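What follows draws every value from the coordinates through simple rules; no lab data is involved. Because the structure is predicted, anything quoted here is derived from the model rather than measured. With ideal geometry, Cβ positions are generated from the backbone for all residues, glycine too; neighbour counts draw on all protein chains shown.
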Amino acid sequence: MLDKSYVVPWGKRGALPADTEAAVRAELLHESAPLPTGVRRERFERSFAASVGSRHAVSVTSGTVALQLAVRMLGLTPGDEVIATPQTHQATVRPLFDYDVRVRFCDVDPTTLAIDPAVLESLITPRTKALLLVHYGGCPAEMDTVMALARRHGFLVLEDCAHALGTRYRGRSAGSLADIATFSLRNSRKDSALGKGGLITCDRDDWARRLHRLRAEDTDARSAHLLPDRTAAPNAALWTPHTIPLHRGRTRRPGGDATMPDMVAALGQAQLARLPAATVRRRTLAARLDEVLARYPFMTPQSAPAHSTHAYHLYTCFTSHQELRDRLVLSLDRRGVEIQLRYFPQHLLPQWRHRGHLRGECPVAERSWFEQHLNLPCHALLTPHQEDHLVEALDESLAELNGSTPAPPPVPATVCGR
């Protein structure tokens, strides 16, 4: 199949203008110091922690690795229960396969697609050890209610903030609202750092120390007494700068190889400065799309809590029923607007069905995916012409459908279990 050229593409690699990205690369390549010094990585971690409002930020090679390490901090043991959102990418819940725990999927609020606190409360048991939630599309969950439940029942909360750079809730940034949080800087995200990158934020000093050890092996410089005797080993090769570290450093604690490269950290640092402006651009475009939807009663935009700031990593809206959603997607595609739907309900994927999860477990998430929701392009690299085209194409498509919108099918009395 030939690739289609869209007037309004879903996204592009990265979130830095080409000239800015090239300048950062050139600066690094002309430095005399070797790139793996870690100076830029440490600077980026400090800046990121400050921007989020967290004590610590630990950078790693990807958002997936960040989730794997963050889940390790939860201290899961056999027999524990973990509650998780079904409205997310597979990477959020995939680390749970490494633990002998029961996963209970919590249905979502129909207007935010974040976990529904009322459903959450009904799933809590004495065995509940942790909750994994997502600020879907940059729309924050109701964290006050969630954290109150967590403190009352004694479980930990991990917030997956892959969509939530720029999201704020009651004046606080996503990434500082729970016990621990993860971010992804993968190049499909709205703010990307050249390829892959991830961060973990938390306030606990002991977790930060442990995360630093886990992301890279811990060598012990105090083992210098293991060096051979210079007089007994006259061979000069044993004393060159390249071989001394091999004798001096002994691995004290094994870790991974998940240290963020300096190049990625440098680009991430440049992007942090641009984040507020990029968020404003996405919110401005979202407001224009909201105005279009307001003219059509069969359309509803995703709504964030009044005391929050939606980052609009995704612009999500809902149709009244499936036939209308499918026709709208095709109409927008004909007009050159690329559409993607995110995400398939996790509990219905084969690996989770194999563990006993069934259709009907999260009816709101299922109805949203199969019948109602769609995501429109919304990112800071769209040109003014592309933004205008998107708004006009949406209005034209909805007007076209408005006169021929059939009545929605009746809602069945019960939901089939499979």
Subject >> nm² value of the averaged projected area, convex hull over the Cα atoms of region 261-402 >> reply: 11.6 nm²
Original post:
When N is the residue count of region 323-400, what does its C-alpha Rg come to as a fraction of 2.2 N^0.38 Å?
Top reply: 1.39
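Given N residues in region 35-152, what is its alpha carbon radius of gyration divided by 2.2 N^0.38 Å?
Numbers: Rg = 16.0 Å, N = 118, 2.2 N^0.38 = 13.5 Å.
Against the compact-globule rule of thumb, the ratio is 1.18.
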Subject >> Simple spin-label estimate for residue 5 and residue 152 in nanometres, 7 Å along Cα-Cβ >> reply: 5.8 nm
**OP:** Using a 10 Å cut-off on Cβ atoms, rank the peptides 380-393, 61-74 from the highest mean neighbour count down.
**Re:** 61-74, 380-393
